[in-house]
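What follows is a single structure, written as structure tokens, with notes after it.
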Amino acid sequence: MDTRHSESSASVTRRSLLATPITSEAFRLFGDLMPPMEDGVPFGENDATLDLTHGIPRFYVMRLDHRAHSFARITRHTRVTQCLASVGGEPWVIAVAPPYGVNDPDAMPALDDIRAFIVPGNAAIKLHKGTWHAGPFFNSDEMSFFNLELSDTNLIDHHNAYLDRRYGIEFILV
């Protein structure tokens with residue numbers, strides 16, 4: 001493992017995190033995988049169960065510039081489920097940790113609980129309320145995503161865990 005020094009001159013260890021293809025079963029603890037389906041299919045197991053009751057829903061196209069495939073900060077939203085899907089049909093990666101301690105403002109994800117998934121470009125994901133997440137990560141210079149959350153999610157429901165400060169860890173996606 002490589003180490004580097006942060007601005008506070010504390011040592012940060014880089015830890016590899018393998019991104020694996022997403023499946024409904026593997027992702028169940030973190031949220032729902034929504035694969036493509038025929039029009040007119042009744043609500044069922046391939047649909048997301050949403051909670052948008054704590055505010056005004058916001059559906060928008062989120063444009064992101066390329067980010068390094070590494071992270072030392074992971075985020076969660078405790079008031080809303082969040083849905084993400086790539087606009088152009090390209091695959092992407094998201095890192096997640098279970099939504100334990102949703103009502104505990106001091107909760108932190110356990111390092112060994114963090115997983116990374118490759119999401120195909122023809123599917124969407126729904127994150128359970130409180131699921132920690134980092135990303136989306138992708139290989140293009142920029143990418144756009146459909147994003148469903150609340151109108152004030154990024155203002156009042158954006159809780160960060162700084163893994164480098166707390167644990168001295170930065171994850172590198174492989």
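The values are calculated or read from the model by the stated rules, or taken from the named source; none is laboratory data. This structure is a prediction, so every number in the text was calculated from the model and none was measured. Here the Cβ positions follow ideal geometry from the backbone for every residue, glycine too, while neighbour counts run over all protein chains shown. With ligands, DNA and RNA removed, areas are computed over all heavy atoms of the protein, side chains included. Shrake-Rupley method; radii C 1.70, N 1.55, O 1.52, S 1.80 Å.
Taking the conditions exactly as written (touching a Phe, Trp or Tyr at 6+ places or on another chain (Cβ under 9 Å) and either under 13 Å from residue 132 (Cα atoms) or outside any strand (DSSP E or B) (or both)), does residue 48 satisfy them or not?
Details: touching a Phe, Trp or Tyr at 6+ places or on another chain (Cβ under 9 Å): no; either under 13 Å from residue 132 (Cα atoms) or outside any strand (DSSP E or B) (or both): yes.
No, not satisfied.
Considering only residues that are farther than 17 Å from residue 34 by Cα, surrounded by 14 or more Cβ atoms within 10 Å (Cβ to Cβ) and without any contact (Cβ under 8 Å) to a residue 60 or more places away in the chain, which ones fall in the range 106-124?
107, 108, 109
Could you tell me which residue of the range 126-152 is farthest from residue 87 (Cα to Cα), considering only residues that are more than 14 Å from the chain's Cα centre (by Cα) and either of a type in the set (Lys, Arg) or buried (at least 18 other Cβ atoms within 10 Å of the Cβ) (or both)?
So in the range 126-152, the residues more than 14 Å from the chain's Cα centre (by Cα) come out as 139-144, 150-152.
The next check asks that each one be either of a type in the set (Lys, Arg) or buried (at least 18 other Cβ atoms within 10 Å of the Cβ) (or both); those that pass are 143, 150.
Numbers: 143: 8, 150: 19 Å.
Taking the candidates together, the pick is 150.
Open to solvent by 40 Å² or more (accessible area, probe 1.4 Å) and either of a type in the set (S, T, N, Q) or more than 23 Å from residue 29 (Cβ to Cβ) (or both), is that true of residue 170?
Answer is no for this residue.
Among all residue pairs at least 6 apart or on different chains, which show Cβ distances below 6 Å where the first residue, located in the range 146-174, is touching a residue at least 12 places away in the same chain (Cβ under 8 Å) and the second is part of a strand (DSSP E or B) and polar (S, T, N, Q)?
Sorted first by the residue in the range 146-174, then by its partner, the pairs are 149/82; 160/75; 168/13; 169/13; 170/70; 172/16; 172/70; 174/16.
With (1) assigned to a loop (DSSP other than H, G, I, E, B); (2) surrounded by 10 or more Cβ atoms within 10 Å (Cβ to Cβ); (3) hydrophobic (A, V, I, L, M, F, W, C); (4) in contact with a strand residue (DSSP E or B) (Cβ under 9 Å, 6 or more places away or on another chain) as the list, and residue 37 as the residue in question, which single condition is left unmet?
The number of the failed condition is (4).
For residue 20, are the conditions met, namely being out of contact with any Ser or Thr (no Cβ under 9 Å at 6 or more places or on another chain), open to solvent by less than 80 Å² (accessible area, probe 1.4 Å) and either at pLDDT below 95 or farther than 13 Å from residue 125 by Cβ (or both)?
On the way: out of contact with any Ser or Thr (no Cβ under 9 Å at 6 or more places or on another chain): yes; open to solvent by less than 80 Å² (accessible area, probe 1.4 Å): yes; either at pLDDT below 95 or farther than 13 Å from residue 125 by Cβ (or both): yes.
Answer is yes for this residue.
Residue 61 passes all but one of (1) closer than 24 Å to residue 23 by Cβ; (2) in contact with a Phe, Trp or Tyr (Cβ under 9 Å, 6 or more places away or on another chain); (3) among the hydrophobic types (A, V, I, L, M, F, W, C); which number fails?
With (1) closer than 24 Å to residue 23 by Cβ; (2) in contact with a Phe, Trp or Tyr (Cβ under 9 Å, 6 or more places away or on another chain); (3) among the hydrophobic types (A, V, I, L, M, F, W, C) applied to residue 61, the lone miss is (1).
Please enumerate the residues belonging to the range 91-108 that are under 13 Å from the mean Cα position of the chain (by Cα) and either on the phi > 0 side of the Ramachandran plot or not β-branched (Val, Ile, Thr) (or both).
92, 95, 97, 98, 99, listed by residue number.
Go through (1) farther than 16 Å from residue 163 by Cα; (2) out of contact with any Lys or Arg (no Cβ under 6 Å at 6 or more places or on another chain); (3) modelled with pLDDT of 95 or more; (4) surrounded by fewer than 21 Cβ atoms within 10 Å (Cβ to Cβ) for residue 103 and report which single condition fails.
Single failed check for residue 103: (3).
Within the range 42-87, work out how many residues are open to solvent by 70 Å² or more (accessible area, probe 1.4 Å) and charged (D, E, K, R). It would help to see each step written out before you state the result.
Restricting attention to the range 42-87, the residues satisfying the condition of being open to solvent by 70 Å² or more (accessible area, probe 1.4 Å) are 42-43, 45, 49-50, 53-54, 56-59, 61, 63, 65-67, 73.
Then keep just the ones that are charged (D, E, K, R); that gives 45, 58, 63, 65, 67, 73.
Residues flagged as open to solvent by 70 Å² or more (accessible area, probe 1.4 Å) and charged (D, E, K, R) within the range 42-87 amount to 6.
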